[in-house]
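The values are calculated or read from the model by the stated rules, or taken from the named source; none is laboratory data. Here the structure is a predicted model, which is why all the values come from computation and not from measurement. All Cβ positions, even for glycine, are placed from backbone atoms using ideal geometry, and neighbour counts span all protein chains on display. Accessible surface is based on the protein model in full, side chains and every heavy atom, while ligands, DNA and RNA are left aside. Shrake-Rupley method; radii C 1.70, N 1.55, O 1.52, S 1.80 Å.
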Amino acid sequence: MIPKPEIIVGDDGLARCGWGASDPEYRRYHDEEWGTPQHDPVRLFEKVCLEGFQAGLSWITILRRRPAFREVFHDFDAERVAAMGDDDITRLLGDERIIRHRGKIEATIQNARATLELELPIHDLLWSFAPPPRTVPPASFAEVPATTPESTSMSKELRRRGFRFVGPTTMYALMQAAGMVDDHLAGCHRSTHATAA
């Protein structure tokens, strides 16, 4: 098996992390979202839920279905999602546009209810686990962890508060997606270190 290049220069002359360089949707996501600090509570709730749906699947599978997820889950309005019930679950299990996994659908509804029960805004809770910024960007994907002490602590706290499908690996993926950590590789035009240079 031939390893994929870790940095790829696109036809626009920009160097990107290899995973975000080929597929157009991945490229847009890499350039515009992944690693960009996100504080909007609705979008963070969405990320918690979609990272849970991603467990065991590739992120591109979720990304391509995100418009349908937003439609069926009321654009991730926590109050409307929390009000969903058995009839909604049955309907979603028949919707081929999303990932039809009962446990993940039920977890999204439960996570909405847990979000509404928080005594502080969800963005404050999630960002309280953000680690100090990296001083040096990762040189390769081998230097990017799957979990960290912070993602493990976030996972434990969310589980304590009733959230589901929020394991340490899933929460580290959330941290990457929401810009709590910058794991763009050295040489990628999106690395904060490249921007500062």
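Principal-axis analysis of the Cα atoms of the chain puts helix 149-160 at an angle of about 10° to the longest axis. Under the Karplus relation 6.51 cos²θ - 1.76 cosθ + 1.60, θ = phi - 60°, what is the ordered set of whole-Hz ³J(HN,Hα) values for region 60-72, x standing for Gly and Pro? Those phi angles translate into 4, 4, 6, 4, 5, 9, 4, x, 5, 4, 5, 5, 6 Hz.
Measure off, as a whole percent, the carbon and sulfur share of the 1.4 Å-probe accessible area of the chain, all protein chains present. Result for the chain: 54 percent of the exposed heavy-atom area is carbon or sulfur. Residue by residue, region 117-133 carries 3J(HN,Hα) couplings of 8, 5, 8, 9, x, 4, 5, 5, 4, 5, 5, 5, 9, 5, x, x, x Hz when phi is fed to the Karplus relation 6.51 cos²θ - 1.76 cosθ + 1.60 (θ = phi - 60°); x denotes Gly or Pro. Fully extending the segment from residue 22 to residue 192, taken as 0.36 nm per residue of separation minus the present Cα-Cα distance, adds 59.0 nm. Taking every alpha-carbon pair under 8 Å whose residues sit at least 6 apart, region 99-185 reaches a relative contact order of 37 percent. Exposed loop sites here are trypsin sites (Lys or Arg not before Pro) assigned a DSSP state other than H, G, I, E or B and surrounded by at most 16 other beta carbons within 10 Å; excluding them, the longest clear run of the chain is 1-96. Extension gain, residue 75-residue 33: 0.36 nm per intervening residue step, less the Cα-Cα distance, totals 13.4 nm.
With every protein chain left in place, what is the accessible area per residue of the chain in square angstrom, probe 1.4 Å?
50 Å²
For the pair residue 93 and residue 142, a Förster radius of 25 Å applied to the C-beta separation gives a FRET efficiency near 0.05, rounded to the nearest 0.05.
With a Förster radius of 22 Å applied to the beta-carbon distance between residue 102 and residue 58, the computed FRET efficiency rounds to 0.60.
FRET efficiency for residue 68 and residue 156, Cβ-Cβ distance as r, R0 = 25 Å, nearest 0.05? Between residue 68 and residue 156 the formula returns 0.20. Cα centroid distance between region 65-82 and region 108-186, in Å? Using only Cα atoms to place each centre, the spacing works out to 21 Å. Of the listed residues 36, 170, the order by accessible area with a 1.4 Å probe, largest first, is 36, 170. Extending 7 Å from Cα along the Cβ direction at residue 83 and again at residue 14 yields two label points whose distance is 4.0 nm.
Taking Cβ atoms as reference points and 11 Å as the exclusive limit, the residues near residue 76 contribute a net charge of -1, counting Lys and Arg as +1 and Asp and Glu as -1. If amide hydrogens are placed 1.01 Å from N in the peptide plane, which non-local residues have theirs closer than 5 Å to the one on residue 7? Under 5 Å from the amide H of residue 7: 18. Counting alpha carbon pairs within less than 8 Å and at least 6 residues apart, what relative contact order, in whole percent, applies to region 1-94? Dividing the mean separation by the residue count of region 1-94 yields 16 percent.
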